[in-house]
Structure formats: structure tokens, C-alpha cells
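The values are calculated or read from the model by the stated rules, or taken from the named source; none is laboratory data. Not measured: the values here are computed from a predicted model. Positions of Cβ are generated from backbone atoms using ideal geometry, with glycine treated the same way; all protein chains shown enter the neighbour counts. Ligands, DNA and RNA are stripped out before the accessible areas are found, and what is left, the full protein with its side chains, is counted by its heavy atoms. Shrake-Rupley method; radii C 1.70, N 1.55, O 1.52, S 1.80 Å.
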Amino acid sequence: LDGLLPGGLAAAAAAEADAIPLRPVDVAIVSAHRAVITAEAPPALAALRALLDAPSVRRIVGLALGRALEDGKLHLNLWRLLPGERMAVHPDGSRYAATVAIGLNAAWTAENGGAIAFGTPGAEGLAVHSRWLPHAGDAFVFAPGPTTWHAVEPATRTRWTLSGWWFW
């Protein structure tokens, strides 16, 4: 969903993101920094959360993916990945009805890396068949499942995204 967010909202969310305290996450598939975004988050980030959990957005995303997205079942994270940090190849959990990612990166290019790459895992890594770059204001939604293998590719600069899941 290219340009889903108005430029001002994406820029405000990015500015707030830079000021939020983040916790390091260093587990088997993730090396990054995260904050959970609740209704009590700073204004732009709280507005994005409210937008994603609005009945009309849940309905549209649910219809597009062929899944009902229930009220109150959204979990939203703010992620910061520094150069060298990663999200390794994984499918999303079986309790996830839908996954969303929103880019918060101004002037992001393919040369910056950091794409969410989808493909088939193999002995030599992920055989990529599609990528999504986290441009400011762009969103990507997909129906996760046990075969929706994806990873976040290395980036050459700090990468900010909001990502979340509507649960079954």
C-alpha cells in the first residue's frame, strides 16, 4: 500500500520513534531494538495504532486477505534495526491472522537494503521471490502461514518500522 500514510503523519511517527525508549531484543531470529506501541504512545504513533485497529481498516484488510480481523486483537511494535542487526528467516506464528509493516524511513532506497524478503528457505539461505522496502508512509500486509518464509535483509543505515499482527 504505497503512500498509505500522509507524509506529515509518517514524519511525525518517525520523529516520535526516535525519542521512544527501546529495549534490545537478541534472540535466535531477531537482533534489534523494540518498543510495544499501545494507545498511550506519543500522539502520532498512537494515531497509527488507532488507524490499524479501526473497524474499517480491519474490515478492508480482512476482506483483502480472506480473514476476519477482530477488535482488540492487534499487537504493534516499533522496531529499530541498526546496520548489522537482523531478522532471520522465519514464518510468522500460527496465531497471527494478518501481519502489517509500515515504513518510517525518509529517502529510503534499494541501496539502503533492509527489505522484507519473501521466498523459499534452503541450504544457502532464502531464495527470494519478492521484496518490500520500508519507505516512509508505505504499508505492507500479508496473510501469514507456516510457509510464508521471510526475513529482513541487512541495511546500510538505521531502519525504522512499525510491525504488527492481528491475532485469531
Inset, instruction - Obtain the nm distance between the two label points defined at Glu111 and Ala123 by a simple spin-label model: each point lies 7 Å from its Cα along the Cα-to-C-beta direction. - result: 3.6 nm
Legend entry - Accessible heavy-atom area order of Ser130, Ser163, Ser94, highest first, probe of 1.4 Å: Ser94, Ser130, Ser163
Inset, instruction - Within 10 Å, count the other beta carbons around each residue, average over each peptide in 19-32, 71-84, 98-111, and list them highest first. - result: 98-111, 71-84, 19-32
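On full extension of the chain, what length is gained from Ala28 through Arg95, given 0.36 nm per residue of separation minus the C-alpha to C-alpha distance?
On the way: separation 67, 0.36 × 67 = 24.12 nm, distance 1.98 nm.
Residue separation times 0.36 nm, minus the Cα-Cα distance, leaves 22.1 nm.
On average, how much accessible surface per residue is there in region 4-158, in Å², for a 1.4 Å probe, leaving out ligands, DNA and RNA? Kindly include the intermediate steps, with their values, before the conclusion.
Numbers: 7690 Å² over 155 residues.
Computed with neighbouring chains in place, this is 50 Å² per residue.
Of all accessible surface on region 109-168 at a 1.4 Å probe, what whole percent is carbon and sulfur?
Values: 1680 of 2760 Å².
About 61 percent, which is the carbon plus sulfur part of the accessible surface.
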Legend entry - Correct option for semi-axes √(5λ) of the Cα gyration tensor in Å [calculated from the coordinates] among (1) 40, 17, 13; (2) 22, 20, 15; (3) 48, 19, 14: (2)
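Could you please report the charge total around Trp165, scoring K, R as +1 and D, E as -1 over all other residues with beta-carbon less than 11 angstrom from its beta-carbon?
Details: positive: Lys73, Arg95; negative: Asp92.
Within the 11 Å Cβ shell, the charges total +1.
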